[in-house]
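Structure record follows, encoded as structure tokens.
The values are calculated or read from the model by the stated rules, or taken from the named source; none is laboratory data. These numbers were taken from a predicted model, which means no experiment stands behind them. Virtual Cβ from ideal backbone geometry, glycine too; neighbours counted across all protein chains shown.
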Amino acid sequence: MPDYGLTAREAGFLGRLSPPWRIQRYLDSIDYDSAASGCRSARRVLRERRVQCMDGALFAAAALRVQGKPPLILDLEADQDDDHVLALFRGPAGWGAIARSNYSGLRYREPVHPTIRTLVLSYLEGYFNLRRQKTLRRYSRPVNLARFDRLRWMTAEENLWAIPTALVDIPHRRLFPRKVTAALATVDARTFAAGLVGRRM
């Protein structure tokens, strides 16, 4: 099996984060970089124990790759809000996702979603801004990170901002017509409070 430039210790640790919910548990156990001060490889995440949305997806994709799965990510686009990036994986019943977020509802999804669109739709209710507006609007096709192997995205010491920059240029599909999004309810107080649990400024 390829080592992708990882040390035996790094590859062994990533390989033991199976099934995929163990990757999520690890990401949730380390500090969240709310300032997005870096875009780290899996090697740097292991060393620095700090992560934000993008490098959380990179870390999860690296672990999935070590475990023999394709390193897939997907970009979610929002209006009046930040984008969000997921690492994707397939199970016997469908698609699942791993993600790190400052909002509690935008993290792990069990692999039970029959299509990418239904997986993305599962994030709608928890994807809101501080004005309580539901903001998710578009999503990209899955992106195989093997296309970025020249950047050594699993082991690089430099920041990997070229990857999120590339995601901006990938075509995104709109989830709904504008008349549908215009009619979406705002988030109720309890859902809003639940979504902010653990949020770091």
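Numerical summary
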{"read-out": "Out of 162, 189, 166, 185, sole residue that is touching a residue at least 24 places away in the same chain (Cβ under 8 Å) and small (Gly, Ala, Ser)", "value": "185"}
{"read-out": "Number of positions in segment 1-39 that are in a loop (DSSP other than H, G, I, E, B), over 18 Å from residue 157 (Cβ atoms) and either of a type in the set (Ser, Thr, Tyr) or modelled with pLDDT of 95 or more (or both)", "value": "6"}
{"read-out": "Wholly enclosed strands (runs of 3 or more DSSP E) of segment 62-140 bearing at least 1 residues of a type in the set (Gly, Ala, Ser) and surrounded by fewer than 17 Cβ atoms within 10 Å (Cβ to Cβ)", "value": "84-91, 94-98"}
{"read-out": "Residues of segment 27-55 satisfying the condition of being of a type outside the set (A, V, I, L, M, F, W, C) and under 20 Å from residue 82 (Cα atoms)", "value": "28, 31, 32, 33, 34, 37, 38, 40, 50, 52, 55"}
